[in-house]
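This report concerns only the one structure given below.
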Amino acid sequence: MELRHLRYVVALADELHFGRAAARLGISQPPLSQQLAMLERQLGVRLFDRDRRGVRLTSAGTLFVVEARMALRAAERARDVALQAERGEVGELRIGLFASAPLTRGVAGAISDFRAAYPGARLMLTEAPSHRQVRALAEGGLDLGFLRSPAKPLLPPGLEAIEAVREPLCVVVPARHALARHAGPVPVELLAGEPMVFFDRSFSASMYDQIHALCTAAGFTPNIVQEANANTMILGLVAAGLGVSILPAAQCAMRPDRVRVRPIAAKAAVTASWLAYRLDDSSLLARRFVELVRSRGISTELLPGKQGRPRRATS
């Protein structure tokens, strides 16, 4: 039994006339009669009663037609899905995200725009530190990954990355701290000797190393008194008065009332989000996502409390 046989049955069930059914199918009447008779012999069931008064469905034929229609619709859906997949419109896309990536307007906007453009695509979003994402990309466990790095990340052969978001770093202090009243951007030198709360290096190596580099350039070693693996924990510990911290702007958006955020007076106090992908990826869906991020350009995350849309970087 083939799909064409199901089409023959449905056409005759609709028309109840061999001539009209044959015309609808674009074939002559004798082949239609022969094919339906052969199908009935294969099934061992009579689907139609034929006599001088016309053609009528049998009880078995009535039930068969219901299933035939469902099978034809399923076949049509399968064909459409295959065509959409060929065009890169459907399928599964596995994307890695460092913990605060969706808080940036650039990353959130890219995901939202892609979902709107390709509603048939299933996005599998996985939270993982950048170094784990790189390994998963290289091993085929992820299709794409948003990585945190102040400069273009060093990647294994076969992987590439494009910059998606630039994000200023901010000083985060308790509301009663002297720096909470500081006018203008805070020089890094003013943090010398301050107890600091920060990420464990095993959780966010790029941020850990960048903060150490900022402090070293200012002439001191950061006095890290408490480490944590989540920005909400860091903000909570700062609010509790355990120390100050330096965090990317987007991570400060949901800060508690007992915390104040100030910009940093240092050109190097900027981090970035990069979209990493495989150069030889055969997934058209992954390539579509990369093209979308590239077309959006580099967005610059706003400092907490600033209004308006995120700016687009010119280089």
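General observations
- Pick from region 75-99, criterion aliphatic (A, V, I, L, M) and over 16 Å from LEU147 (Cα atoms), ranking: modelled with the lowest pLDDT: VAL90
- For the residues LEU103, LEU190, LEU179, the requirement of being farther than 15 Å from SER206 by Cα, free of Cβ contacts under 8 Å to residues at least 40 places away in the same chain and surrounded by fewer than 21 Cβ atoms within 10 Å (Cβ to Cβ) singles out LEU190.
- Apart from one condition, ALA108 fits all of (1) within 14 Å of the chain's Cα centre (by Cα); (2) without any contact (Cβ under 8 Å) to a residue 24 or more places away in the chain; (3) over 15 Å from SER299 (Cβ atoms); the exception is (3).
- Of the criteria (1) on the phi > 0 side of the Ramachandran plot; (2) surrounded by 19 or more Cβ atoms within 10 Å (Cβ to Cβ), which one CYS170 fails: (1)
- Cβ-Cβ under 7 Å pairs, at least 6 apart or on other chains, region 13-24 side more than 17 Å from VAL66 (Cβ to Cβ), far side aliphatic (A, V, I, L, M) and not in a helix (DSSP H, G or I): HIS17/VAL55; PHE18/VAL55
- Looking only at region 259-292, and only at residues there that are among the small types (Gly, Ala, Ser) and over 20 Å from SER130 (Cα atoms), the one that is surrounded by the fewest Cβ atoms within 10 Å (Cβ to Cβ): SER282
- Of the listed requirements (1) part of a helix (DSSP H, G or I); (2) surrounded by 15 or more Cβ atoms within 10 Å (Cβ to Cβ); (3) under 50 Å from the mean Cα position of the chain (by Cα), ALA75 misses just one: (2).
- Pairing each residue of region 220-247 that is under 21 Å from PRO187 (Cα atoms) with any residue that is at pLDDT 95 or above and charged (D, E, K, R), provided the two are 6+ apart or on different chains, yields C-beta distances under 8 Å for PHE220/GLU189; ASN223/GLU194; GLY243/GLU194; VAL244/GLU194.
- Conditions (1) more than 22 Å from ALA108 (Cβ to Cβ); (2) basic (Lys, Arg); (3) touching a residue at least 60 places away in the same chain (Cβ under 8 Å): number failed by LYS267: (3)
- As a summary of the residue check, TYR277 satisfies the conditions (1) at pLDDT 95 or above; (2) closer than 15 Å to PRO174 by Cα except for the one numbered (2).
- For region 293-315, taking the residues that are among the basic types (Lys, Arg) and either assigned to a helix (DSSP H, G or I) or modelled with pLDDT of 95 or more (or both), the one that is surrounded by the fewest Cβ atoms within 10 Å (Cβ to Cβ) is identified as ARG294.
- Among the residues of region 193-227, those identified as surrounded by 14 or more Cβ atoms within 10 Å (Cβ to Cβ) and in a helix (DSSP H, G or I) are ALA205, SER206, MET207, TYR208, GLN210, ILE211, HIS212, LEU214, CYS215.
- Within region 4-24, not a single residue is outside any helix (DSSP H, G or I), loosely packed, with under 12 Cβ neighbours inside 10 Å and out of contact with any helix residue (DSSP H, G or I) (no Cβ under 7 Å at 6 or more places or on another chain).
- Remark: ARG20 matches the filter, which requires a residue to be among the charged types (D, E, K, R) and more than 30 Å from SER282 (Cβ to Cβ).
- One residue alone among GLN42, GLN35 is in a helix (DSSP H, G or I), touching a His at 6+ places or on another chain (Cβ under 7 Å) and either small (Gly, Ala, Ser) or surrounded by fewer than 19 Cβ atoms within 10 Å (Cβ to Cβ) (or both), and that residue is GLN35.
The values are calculated or read from the model by the stated rules, or taken from the named source; none is laboratory data. These figures come from a predicted structure and were not determined experimentally. Because the Cβ atoms are built from the backbone with ideal geometry, glycine has one as well, and the counts that use them run over all protein chains shown.
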